[in-house]
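The values are calculated or read from the model by the stated rules, or taken from the named source; none is laboratory data. Keep in mind that this is a model prediction, so the values were computed, not measured. Don't worry about glycine lacking a Cβ; one is built from the backbone with ideal geometry, like all the others, and counts go over all protein chains shown. Side chains are part of the model used for accessible areas, which takes the heavy atoms of the whole protein and leaves out ligands, DNA and RNA. Shrake-Rupley method; radii C 1.70, N 1.55, O 1.52, S 1.80 Å.
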Amino acid sequence: MLKTSMPHTPFYVYDQAGIQQQCDRLKTVTLPDVATVLYSLKANPNPSLVETIVNQGLGCDVSSAFELDVALSSGVAPKNIGCVGPYKSTRLLTECVRNNIAFVAVESAEELVELGALKRRYGSDTAILLRLNPNVEISGGSMKMGGAASQFGITEDDLPTVLALAKSHQVAISGVHIYATTRVLDPDSFIANFSALCECLIDLQTRFALPLDAINLGGGFGIPYYKGEAALAVEPMREALLSLQQNLIEKTGATRLFFESGRFIVGENGKAVIQVKSIKQSGGKTFVVCDGGYNLFHGATAFANLMRKPYFINKATRLNVAEIACAALPNRENTACGEALSGTKAEAQRYTLVGPLCTPSDIIADKFDSAPLAVGDYLVVHQVGAYAITSSPGLFIGHGFPAEYLVTPTGVQQVGKQDSIEEMKRRYTNIEQEMASESLRRVS
Ligand SMILES: Cc1ncc(COP(=O)(O)O)c(C=O)c1O
């Protein structure tokens, strides 16, 4: 347990109760006994978070051998693990079938043949689903992954060929997976997309005699990142989603449904805390240099700047890590950018917040309006529980990834270490020895 009230910065901090609450909310919109919500480890594979989520009754959605290893170590039942992703290594496919996970969603003809052979070799029960990229109109999500040209899944046009290939290789297909979009915030769009997908599946089954014993319906549950965005209210969707699922299983005969969600579960429940290290004037701007930036929350810096949309950031008014983790989003409706929680608008000053990297793109927030900042102040970057540690260049400039903390009812636990110089150097040392022991492990 953490003794000090404020750890060394920068760090990530997660709110366990918030994560549990999000899991419970998702469970209410999925059909009991038939549907399983899988946590997408790509959002954040921290084993303590995965364990929290699995203890809440969710399964795991994995895309790499590492994620599968973390999932299995969490104690989740293999029948509640699914594997999805445009490329899966032979090692990953082998571990999936050896562990009899619920399903692997294949995304290409090559993968179908390889997985079929591995299943036979290991006498595995793992179901094979086809990931489809159907011709459906999708709306409301910020990132389309279906219903348009994409590297994901098999198009409707290719479906007959792939089904024939499966037959000729004696590979049984048990169902389909569709992940059409993500980050949907509007309940009406969510329901409309979901309804269109269900209709499409019913139609495909009729037209292609598509086996639909298991269906992975994807997800797309969004969270707000920018000013003016509201959180997705799942509660009003409950009735419509449950009745669409009921209709789907009645029409198709499906016995298992799966949903996937990453950011909705952990995104809002993770914050990064950084510290102001220096303040300087240049070209009429006041630059505030912090000890974390683009290397810790790529989405909040590079992506948000590209979109010219400010993220939710505020000056920490309380120096207590548990209170920071559980603090609600600051109200940003009336502010240009990043208003501090304390202080009035009248005394606000405009800053350019930057991170520690040697690149002009490491701007955390341009035009950050805040009560006066001083060296030593802490800043909280919100909504970074998902796709921060997993999609930021943590090794850039050799800073390494920072420590991670989890706030639980019994206190604050450290659940991830700051990368040490020794650990970072390990990548470049003892190469031959480590490769030899790795290949021994693979053989055994
Ligand atoms: C196939 C698949 N499943 C699940 C997810 C998780 O999405 P989210 O974190 O938005 O819930 C993604 C995200 O890209 C995905 O591609």
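In sequence order, the stretch 110-127 has phi-based couplings of 4, 5, 4, 5, 5, 5, x, 5, 5, 4, 5, 4, 9, x, 8, 8, 3, 6 Hz under the Karplus curve 6.51 cos²θ - 1.76 cosθ + 1.60, θ = phi - 60°, and Gly or Pro positions carry x. How would the stretch 45-261 be classified by its alpha-carbon gyration tensor: rounded, prolate or oblate, with rounded meaning a/c under 1.5 and the a/b versus b/c comparison settling the rest? Taking the square roots of the gyration eigenvalues as a ≥ b ≥ c, the stretch 45-261 is oblate. Overall, the chain carries a charge dipole of about 720 debye about its Cα centre when +1 sits on the Cβ of Lys and Arg and -1 on the Cβ of Asp and Glu, all other atoms neutral. Distant-in-sequence amide contacts of Cys60, defined by a placed amide H-H separation under 5 Å and a gap of 5 or more residues or a different chain, comprise Tyr39, Ile81, Gly82. Zone of Phe303 (label point 7 Å along Cα→Cβ, backbone N under 20 Å): which residues in the stretch 67-95? Within reach of a label on Phe303: 67, 84-87. Express in % the proportion of alpha carbon pairs of the chain at distances exceeding 33 Å. Taking all Cα-Cα pairs of the chain, the fraction more than 33 Å apart is 40 percent.
When +1 charges are put on Lys and Arg Cβ atoms and -1 charges on Asp and Glu Cβ atoms, the dipole computed for the stretch 45-261 relative to its Cα centre reaches about 520 debye. Determine Rg/Rh for the stretch 269-424; Rg is computed over alpha-carbon atoms and Rh is the Kirkwood hydrodynamic estimate from the same atoms. Looking at the stretch 269-424, the ratio lands at 0.95. For Thr181, nonlocal amide neighbours, meaning residues 5 or more places apart or on other chains whose placed amide H falls under 5 Å from its own, are Met145, Gly219. Under the convention that each Lys and Arg Cβ holds +1 and each Asp and Glu Cβ holds -1, the size of the dipole of the stretch 1-67 around its Cα centre is about 180 debye.
Straight-distance candidates among the aspartates and glutamates for linking to Lys227, with alpha-carbon spacing under 20 Å and chain neighbours fewer than 8 residues away dropped: Asp186, Glu268, Glu333, Glu339, Asp366, Asp369. Around the amide H of Asn133, modelled in the peptide plane, lie the amide H atoms of Ile154, Thr155, Glu156, all under 5 Å away and 5 or more residues distant in sequence or on another chain. Helical content of the chain, expressed as a calculated mean residue ellipticity at 222 nm, amounts to -9000 deg cm²/dmol (DSSP H runs of 4 or more residues, -39,500 (n - 2.57) each, divided by residue number, nearest 500). Axis of helix 187-208 versus longest Cα principal axis of the chain: the two differ by about 20°, to the nearest ten degrees. Which entries in Lys315/Lys367; Lys27/Lys88; Lys79/Lys119; Lys271/Lys315; Lys271/Lys417 show an alpha-carbon gap greater than 18 Å? Checking Cα-Cα distances, Lys27/Lys88 exceed 18 Å. For the peptides 370-380, 203-213, the ranking by mean Cβ contacts within 10 Å, running from highest to lowest, is 370-380, 203-213.
Relative contact order for the chain: what is it in percent, counting Cα pairs under 8 Å that are at least 6 residues apart?
Working: 947 pairs, mean separation 82.6, N = 444.
The value is 19 percent.
The HN-Hα couplings worked out from phi for the stretch 75-92 by the Karplus form 6.51 cos²θ - 1.76 cosθ + 1.60 (θ = phi - 60°) are x, 5, 5, x, 5, 10, 10, x, 10, 9, x, x, 9, 10, 5, 4, 4, 5 Hz, whole numbers, x standing for Gly and Pro. Over all other residues within a Cβ to Cβ distance under 14 Å of Val384, the charged ones net out to -1, with Lys and Arg as +1 and Asp and Glu as -1. Rolled with a 1.4 Å probe across the full set of protein chains, the surface gives Phe66 an accessible area near 130 Å². Selection among Asn314, Val380, Ser370 by position relative to the dipole of the stretch 269-424 gives Ser370 as farthest towards the positive end (Cβ unit charges, Cα centre).
Order these peptides, 190-196, 295-301, by their mean beta-carbon neighbour count within 10 angstrom, highest first. Walk me through the numbers before you get to the answer.
Details: 190-196: 20.3, 295-301: 25.3.
My ranking of the peptides, most packed first, is 295-301, 190-196.
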